[in-house]
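Everything below concerns the one structure shown next.
The values are calculated or read from the model by the stated rules, or taken from the named source; none is laboratory data. For clarity, every value in this text was computed on a predicted model and none was experimentally measured. Cβ coordinates were reconstructed from backbone atoms using ideal geometry, including for glycine residues, and neighbour counts include every protein chain displayed.
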Amino acid sequence: MFLIVGTKFFAWGSEKTPDMIRCSNCGALAQFTEKSGMNFITLFFIVPVIPISGKKKMIECPNCRARFQMD
Ligand SMILES: [Zn+2]
């Protein structure tokens, strides 16, 4: 059987930030969406198999969809 293995970043979550944040990409002032994400090794670019990074917290701009990592 031939397996195509790759890596893909998966993100999930739809919590809104309690505060308004100014997006440094598009300049919009909005409540951002809080997401968690991880890098996975995937099969056929679809099926996540093994996480290869720790969980990352990030926020996503609702206007331009730019993502910013939170520390
Ligand atoms: Zn933005």
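In this entry, G13 passes the filter for residues that are at positive phi and either away from the ligand (no atom under 12 Å from the Cβ) or surrounded by 14 or more Cβ atoms within 10 Å (Cβ to Cβ) (or both).
From the list A11, A30, the lone residue that is part of a strand (DSSP E or B) and either hydroxyl-bearing (S, T, Y) or at pLDDT below 95 (or both) is A11. If only residues of segment 4-37 that are aliphatic (A, V, I, L, M) and out of contact with any Phe, Trp or Tyr (no Cβ under 6 Å at 6 or more places or on another chain) are counted, the one that is farthest from R67 (Cα to Cα) is V5. The set of residues in segment 33-71 being assigned to a loop (DSSP other than H, G, I, E, B), within 15 Å of the ligand (Cβ to nearest atom) and without any contact (Cβ under 8 Å) to a residue 24 or more places away in the chain consists of R65 alone.
Taking segment 23-48 as the range and being surrounded by 12 or more Cβ atoms within 10 Å (Cβ to Cβ) and more than 17 Å from the chain's Cα centre (by Cα) as the test, the residues that pass are C26, A28, A30, L43.
Against the criterion of being touching a strand residue (DSSP E or B) at 6+ places or on another chain (Cβ under 8 Å), within 10 Å of the ligand (Cβ to nearest atom) and outside any strand (DSSP E or B), S24 qualifies. In segment 1-10, which residue that is over 16 Å from the mean Cα position of the chain (by Cα) and surrounded by 10 or more Cβ atoms within 10 Å (Cβ to Cβ) is farthest from C61 (Cα to Cα)? If we take residues in segment 1-10 being over 16 Å from the mean Cα position of the chain (by Cα) and surrounded by 10 or more Cβ atoms within 10 Å (Cβ to Cβ), then V5 is farthest from C61 (Cα to Cα).
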